[in-house]
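For reference, the structure discussed in these notes is given below.
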There are 4 protein chains.
Amino acid sequence: MNAFGKNFRITVFGESHGPAIGVVLDGVPAGMPLSEADFEADLARRRSGAKGTTPRRESDTPRIVSGAYRGHTTGAPLAILFRNEDARSDDYAATTDHPRPSHADLTAAQKFHGHNDPRGGGHFSGRLTLTLVAAGVVAKKILAARDNAIRRDVHSDPAPSGNNPASGNPAPPIRISSEIVEIGGSRDKTLFEATIAGAAKEGDSVGGVIECRAAGVPTGLGEPFFDSVESVLSHLMFSIPGVKGVEFGSGFAGAALKGSQNNDAIIDALGTTATNNAGGIVGGITGGGDIVVRIAVKPTASIAKPQATYNFASGEIEPLTIRGRHDTCIALRAAVVAEAALAIVLADLIRH
Amino acid sequence: MNAFGKNFRITVFGESHGPAIGVVLDGVPAGMPLSEADFEADLARRRSGAKGTTPRRESDTPRIVSGAYRGHTTGAPLAILFRNEDARSDDYAATTDHPRPSHADLTAAQKFHGHNDPRGGGHFSGRLTLTLVAAGVVAKKILAARDNAIRRDVHSDPAPSGNNPASGNPAPPIRISSEIVEIGGSRDKTLFEATIAGAAKEGDSVGGVIECRAAGVPTGLGEPFFDSVESVLSHLMFSIPGVKGVEFGSGFAGAALKGSQNNDAIIDALGTTATNNAGGIVGGITGGGDIVVRIAVKPTASIAKPQATYNFASGEIEPLTIRGRHDTCIALRAAVVAEAALAIVLADLIRH
Amino acid sequence: MNAFGKNFRITVFGESHGPAIGVVLDGVPAGMPLSEADFEADLARRRSGAKGTTPRRESDTPRIVSGAYRGHTTGAPLAILFRNEDARSDDYAATTDHPRPSHADLTAAQKFHGHNDPRGGGHFSGRLTLTLVAAGVVAKKILAARDNAIRRDVHSDPAPSGNNPASGNPAPPIRISSEIVEIGGSRDKTLFEATIAGAAKEGDSVGGVIECRAAGVPTGLGEPFFDSVESVLSHLMFSIPGVKGVEFGSGFAGAALKGSQNNDAIIDALGTTATNNAGGIVGGITGGGDIVVRIAVKPTASIAKPQATYNFASGEIEPLTIRGRHDTCIALRAAVVAEAALAIVLADLIRH
Amino acid sequence: MNAFGKNFRITVFGESHGPAIGVVLDGVPAGMPLSEADFEADLARRRSGAKGTTPRRESDTPRIVSGAYRGHTTGAPLAILFRNEDARSDDYAATTDHPRPSHADLTAAQKFHGHNDPRGGGHFSGRLTLTLVAAGVVAKKILAARDNAIRRDVHSDPAPSGNNPASGNPAPPIRISSEIVEIGGSRDKTLFEATIAGAAKEGDSVGGVIECRAAGVPTGLGEPFFDSVESVLSHLMFSIPGVKGVEFGSGFAGAALKGSQNNDAIIDALGTTATNNAGGIVGGITGGGDIVVRIAVKPTASIAKPQATYNFASGEIEPLTIRGRHDTCIALRAAVVAEAALAIVLADLIRH
């Protein structure tokens, strides 16, 4: 439901136009330095204002309600609240009668028998991803704080055939990054801005593909049979509104290759591979290579361009023109959200 | 770990060359007719012997150890065992020293510090998918048995704007199907057989893409924020060995479209849409359209063709020729497994 | 960790002297009327001020932050916050060095390596039970709203031997109540007030036993093998600070009886029993009789009377006089908390 | 449902008179020595044959079906099967029509609408506790194997006020034991045998109280708010058929004391306490003292003595004489089961 994770668990709540949204983080280690300022960098990356994103402005200031004391985490659940400040509910008055195509307006109403909060997508709003970004900030701190301890544990027993790949070498830190690799069907980055501007001018929207990467990941993460790294990571990635595809390493393109092309030859006793078509995960378990995951983000469903769609009040198919403020390309803001998801999953898996 | 599901929960165990593999199914409704013969049709679809699949032959006879009495389920956990009969462990003696590229041999050894059962992939073997197929048979029965009741519940409250889409119309049954839509990079089915034969001749392997579909699915399945239908379904799909990509509806191709192209216009009070780029799922919730999911299956990692890869015993990169019996294209057998996964997830979601 | 429940799930957070405490409720059905005033009656029963309870006064006003819209629940998670208003942190300055015996001061510091928030017990404070009472209010509404539907489902199939106990009779509502049955070792209620007053005068405290009862519970709740009603209910009861014993029906006294004395003879086709030594639960499953559960609440650990106990700063055993405001008998306030726990568990079990 | 635990998870299945019962253990560390002979000592303690226990004889030979290879655990799930050999189903033919008072016959039939396997209690049979004992054997091995590592982790940060209780002292091993402390209402052990013999002669049964103890438990186990050690342990204890009460430390008797009597004064920097009324658990967290838990086991419900109880076939209250082979006092055999439960919970908590 609204909780994810086993040992590092996040619970989210809130609606786009309610008083506040928030997240509760359980399983945060005690004694990590944490202040509200730590959230600013990632929140700024998600914040509206850039070209192609909605003009709605939120201060997005986190308020730590519990779980921190004198600048450190306490081991108790960390609750973080964000007030909703700039919500204009009038923009959405008609969505109940004339639901937006490919938006949760209708399915939410079907699921909750018309009792859902329809304003701005309510609980289904992309605004909720703010809580994921906040959780990601804490997850990244966990990964940084525990890194050396973790690798020591994972490599503490001899590797197969008596080799111990980690001996003597301090582990490199886990580094998580993201990149927008495709917008509107093109992988040429010089075209991205013009593609978005063109769609915005038409009152339309565009989709994109984001690639996330984690380097320095210890071997042995992931649990057979059902908690493969791919399973757990895709679970969270598909919770991000608008994500309709997830692939690892060579992914769908790899399915077009032969085994001799797609296999990653092992080249040393550390298990390093010559290529990384596996995206760092073999048999569901990390093998030490970079985790590489790509997500397909659909074009924003809310577009200004009129759409002929059913009106439940009139019983007719009628043009719908959506007037609210919306991103032309939500993939732009989803990159830091996807990074957060990757960090959250690693923080959960690494603490077994 | 080795359990999946909340209200319909499956737990698997076993190794490729151990005495037996099995599955425990919890949350099976009492009173459903069930016999060992019910499993035959789907098991036959997965069974080895077809062109492009391994020549290893297993009778794959299920034995119901608990949870059924006098031909009906009892409500207690259903435990189903399969003996391993035709395992030739000698074929795999060398995999510990000279692990197969892109196979779990090495990552399993890293994770379990060399204590894993290496024979035939052990617990990571594709043989474990036999248990998923068995679970899928029971899941399909649950979907069939509960169908009418379920739709009545879901539609019991008025839909938005006072329309009640379900009134008076008995729900159609949920129908799950699968199709191999791509082999070796081609979507032309007339080429599939030749592509596989060509790879087999070279001692190589090919990948493929499987499309699964569920028709007649009630609206309102899926749980915000983290148990979207895409999240739960991809979680299980990525547990199937060899799956490296999952997409819904227009998926990655949809990320290349504009919103006006990818949006699915609503055309009637039932929420029917003119197109189905959403793959039946909007906001993570089913909307009544067909669920459409595609999975990318990588080419079989175990190939006869020699591969230059690290030998932990010698400390050198050496050619590895894999002699065991392997599928040229595991996608052929994975189709019924993917169907099972779809049925298992629906049986779990539908029983909330 | 800080979440409980499967289909009706509660997540709590907050510290006694932090800015706020709160609870997130997931799995709340959409469309239930709910306002902040609905919480007042049960919160008043828990509130401080009565004889034998702490003189600390909190307005305890709930603020619904999400999950309700226009006076109804929406199906999204319900988040409820309570501000902490009257915390006097100075009272607790010394507890880190000179921890209170039988209080979480020391074990919390050991668990969290000294990083826990020590003020007023922090996250271990009895103040957190406020969130349980709030969750209980919602749980009681769920039980009231769903009652008829539930009994219809449970009894929809024929009972053994063709009898259908429920046919034609509308189910009575589920009624949850609690009673303090023992204070300071006596079951004579006329002595309770004097016992508490006597202990208070000495700067001491007293324990008590609370009996909770649920009438009108449908048959068939509880899940073998590990989620017996006793298992799930004791799990939550033992989360209430100070509870050290839980028994059902004849409980510990029943262990002193013979089978012929303790067995509950069945007297009609409804499964009604002549006695209720089982406390309404047989084989872990409800049988239609009243659920009867008793909890032992220890005497308040924080007492004014000096106690000779170790001081970590001085390294000596020294007298500790606790000056904060504390209940003489926490059992008085725990009754409504235990009721809430019973309602929460039933709301979780009943929705399978 | 039929699974328990988070990091060390057990799943049970089987019926008393079906072909086999079994347990799947997930989260077992790789590389622990394990053979079928390791189970014999604890299984023998549970086995029938002693005075006061049923004359039914089972060889109770465990068969490890998966998860072990060449005498060591592999990290994959451990599946253990026990065949049912000496079941006489005829003894139970009438229980459906004339259900045994205070036995799961009727509630199981109500829950599963008459589809449950009624033979010998089916899935509700005490025979299932065999699987708990087997899981307990593995849990005890985990506790033994990990003990030093665990205490090092728990104490790795400085304790409050700069003391580090564990420095330099190797941790003592965790020792789990059990004792029957009451039979038929008496705590005088010299009377136990005669009490049981007397009840047996009358065709009646007696209850008892078992005390379990774990010594050498590290501090800091247990998770606020809902996974207190008492919560998790009582959850599993109440899964043992016939348990109707659970208390920790002074328990119900402690509720009759004053705070000054029940509080455990701290006497040194290790947190050692002068008394142990807390049963080793304060604020839900272990403090280093012995865990002390007592469980009330009801008198065996199945008695030979005739009982007047409702017959669903005749519609009359009629005498029921139970002819099967039953324990006079199930507490005798439950002691090793309760020990197993304590070990299972510690193995689960300790691996966080």
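Brief remarks on what is shown
- Taking every protein chain into account, the 1.4 Å probe leaves D:E40 with about 80 Å² of accessible area, to the nearest ten.
- With its label point defined 7 Å out from Cα along the Cα-to-Cβ axis, B:S59 lies at 2.2, 7.4, 7.6 nm from the matching points of the other copies, in increasing order.
- Span-rule helices in chain B, defined as complete DSSP H runs reaching 15 Å or more along the axis (Cα) with Kyte mean at least 1.6: B:331-350
- Accessible surface calculations at 1.4 Å, restricted to protein heavy atoms, place the stretch A:267-308 at 29 Å² per residue.
- For chain A, projected area of the alpha-carbon convex hull averaged over all directions, nm²: 19.8
- Total accessible area lost when B and D pair, probe 1.4 Å, Å² to nearest 100: 3000
- Sorted largest first, the principal axis extents computed over the alpha-carbon atoms of the stretch D:185-344 equal 67, 36, 29 Å.
- Note on the stretch D:262-318: percent of Cα-Cα distances in each 10 Å bin, starting at 0 and stopping at the bin with the largest distance, equals 18, 27, 12, 10, 16, 13, 3.
- 1.4 Å probe, heavy atoms, protein only - residues of the stretch D:286-317 losing at least 50 Å² accessible area vs chain alone: D:P299, D:Y310, D:F312
- Label point 7 Å beyond Cα along the C-beta direction, distances from A:I317 to other copies (nm, shortest first): 5.9, 7.0, 8.7
- Loop-located trypsin sites (Lys or Arg not before Pro) in the stretch D:323-352 (DSSP state other than H, G, I, E, B) with a sparse environment of at most 13 neighbouring Cβ atoms within 10 Å: D:R323.
- Here's the picture: charge each Lys and Arg Cβ at +1 and each Asp and Glu Cβ at -1 in chain A, and of A:T95, A:S66, A:L132 the one pushed furthest to the positive end of that dipole is A:S66.
- Equivalent-ellipsoid semi-axes for the protein assembly as shown (Cα gyration tensor, √(5λ), whole Å, largest first): 47, 37, 34.
- Placing unit charges on the Cβ atoms only, positive for Lys and Arg and negative for Asp and Glu, gives the protein assembly as shown a dipole magnitude near 0 debye about its Cα centre.
- Computed over chain A, the per-residue total of -39500 (n - 2.57) for DSSP H runs of n ≥ 4 gives a 222 nm mean residue ellipticity of -7500 deg cm²/dmol, rounded to 500.
- Centroid-to-centroid separation of the stretch D:196-245 and the stretch A:1-45 [C-alpha atoms, Å]: 38
- Relative contact order of chain A, pairs being alpha-carbon contacts under 8 Å that are 6 or more residues apart, as %: 22
- Selection from D:L221, D:P173, D:A341, by position along the positive dipole direction of chain D (Cβ): D:P173
- Dipole magnitude (debye, nearest 20) for the stretch D:218-336, charges at Cβ of Lys, Arg, Asp, Glu: 540
- Calculated label separations, C:P173, copies of the chain, 7 Å along the beta-carbon direction, nm: 4.3, 5.9, 5.9
- Cα-centred dipole magnitude for chain D, charges only on beta-carbon of K, R (+1) and D, E (-1), debye, nearest 20: 420
- Surface composition of the stretch A:294-352: carbon and sulfur atoms hold 49% of the protein heavy-atom accessible area at a 1.4 Å probe.
- Chain C residue nearest the rotation axis toward A, with distance: C:T11, 2 (Cβ to axis, whole Å).
- Test item: A:26-35 mean partner chain Cβ contacts at 10 Å: 3
The values are calculated or read from the model by the stated rules, or taken from the named source; none is laboratory data. From a predicted model like this one, the values you see are computed outputs, not experimental measurements. No Cβ is skipped: glycine too gets one built from the backbone with ideal geometry, and neighbour counts run over all protein chains shown. Just the protein is used for accessible areas: all its heavy atoms, side chains included, with ligands, DNA and RNA removed. Shrake-Rupley method; radii C 1.70, N 1.55, O 1.52, S 1.80 Å.
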